[in-house]
1. How many nm is it between the label spots at ARG68 and ARG161, if each spot is 7 Å from the Cα in line with the beta carbon?
2. Only bridges with both residues in region 115-271 count here: give the DSSP antiparallel percent, nearest 5.
3. In Å, what is the Rg of the alpha-carbon atoms in region 167-236, and how long is Dmax?
4. By per-residue mean of other Cβ atoms within 10 Å, what is the highest-first order of 260-267, 40-47?
5. Simple spin-label model, 7 Å along Cα-to-Cβ: ASP135 to ARG208 in nm?
6. Could you give me D for region 57-123, from Stokes-Einstein at 4 °C and 1.567 mPa s, where the hydrodynamic radius is the Kirkwood radius over C-alpha pairs? Units µm² s⁻¹, please.
7. Of the heavy-atom accessible surface of region 146-295 (probe 1.4 angstrom), what whole percent is carbon and sulfur?
8. Cα gyration tensor of region 142-205, axes a ≥ b ≥ c as square roots of the eigenvalues: rounded (a/c below 1.5), prolate (a/b > b/c) or oblate?
Amino acid sequence: MIAADRVDATLAQRVGNAGENVHTQDVRVVDIRLGAPRNSWGVSPDQVDLRRRPVASLSLSVEAHPQRITLDLARTAIVVVDMQNDFCHPDGWLAGIGVDIEPARKPIEALRAVLPALRAVDVPVVWLNWGNRPDLANVPPGVRHVYDPDGSGGGLGAPARPGGSPTLQAGSWSAAIVDELTPPSGDVRVDKYRMSGFFDTPLDAVLRNLAVTTLLFAGVNSDQCVLATLTDAACLGYDVILLEDCSATTSPSFCHDATVYNVAQCFGFVAQSSAFTAALPATGVGLAGAPAGRR
C-alpha cells in the first residue's frame, strides 16, 4: 500500500510549482462499463474509471515440448486457422486442383473435442480465415501467384469449378468454415489476406481487447499460414503454443515435422489438445462457484 503523502509528493514533483494544488481523491465505483468485456472503462456523467475489472486467474498445467507449461486460461485464446471449405472440403479449391485434402481434415475431430471444453471455461475462440475482397484490391501479385502460378485465371476469386463459389472470397461458401466445425455466435471471426493473419487485419487489436497474452494455435496448413501467424504472434510478445494434433498440412510430412521442431526450438511450445481436454473437466468443476462472464 502506497501512503497518500508519498503519492502527493510524487505527483507534486511531476507537476512542479503546481504541486500544492494536487490532492489524492476518493475512488468511487462506476458501474456502467464502456468497451469490450475484458477491456472496459467505468463511466458516469462526472467520472471515468480507467481501471479494468480484475479477471480471476485460472491456472492449468499440461505436458508440452520442450518443457511442461503452466498457463492462465483467463488470459488465453485459441486461434484456429483456415479450416475452410476451399482447403478442407472435397468440393473446395484445393481438392479441385488435385491436392489430397485428407491431411487437412485431420484436425477436425480433435478440434471438435477441445473447442467445447475451452469455451466452457471462457477461453475465446478466434477463427482466422482467408476472406478476400471481391476486387482483390489489397492483394499483391506475390499472393495471387500462390493461387494462380501460370496466370491462367484459376486463382483467388475464381470459381474452383464451373458455376462454383469464388475461391476464398469473403462471405462465400469457399471461405466458410467447414460444417463439422460451424462455430457458435459467441466465437470471433477475423478475415486475413496473407499467410500471416496479423498483416493488414484487426487480429492484434481483437486479441488485445480480449486481454489475452497466451495463444493456442490450430488449423492448416501448419507449415504455412499457421506458422506465419504464430511466428508474428511470438514477435509481438504473445506466448504461443502449437496444438500439434489440431494442426496439419497438405505439404510433405517433413514440412509439418520441421514446423513442430522450429516452434519448440525458436518460438514457444508444442502440446497435444488431449492434454487440455483431459485436464479441463476438473478445472471446470473448480469454476462452479465463480461469477459468470469472466470476459
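1. 5.0
2. Working: 1 of 16 bridges.
Just about 5 percent of them are antiparallel.
3. 12.6, 33
4. Details: 260-267: 16.2, 40-47: 12.9.
Taking the mean over residues of other Cβ atoms within 10 Å, the ranking is 260-267, 40-47.
5. Calculated label separation equals 2.9 nm.
6. Details: Rh = 14.2 Å.
This corresponds to a translational diffusion coefficient of 91 µm²/s.
7. Working: 3740 of 6620 Å².
It is 57 percent, rounded to a whole number.
8. Details: a/c = 3.20, a/b = 1.33, b/c = 2.41.
Oblate shape, in that a/c is at least 1.5 and b/c is the bigger or equal ratio.
The values are calculated or read from the model by the stated rules, or taken from the named source; none is laboratory data. This structure is a prediction, so every number in the text was calculated from the model and none was measured. Neighbour counts are summed over all protein chains in view; Cβ atoms, including those assigned to glycine, are modelled from backbone coordinates with ideal geometry. Accessible surface areas use protein heavy atoms only, side chains included; no ligands, DNA or RNA. Shrake-Rupley method; radii C 1.70, N 1.55, O 1.52, S 1.80 Å.
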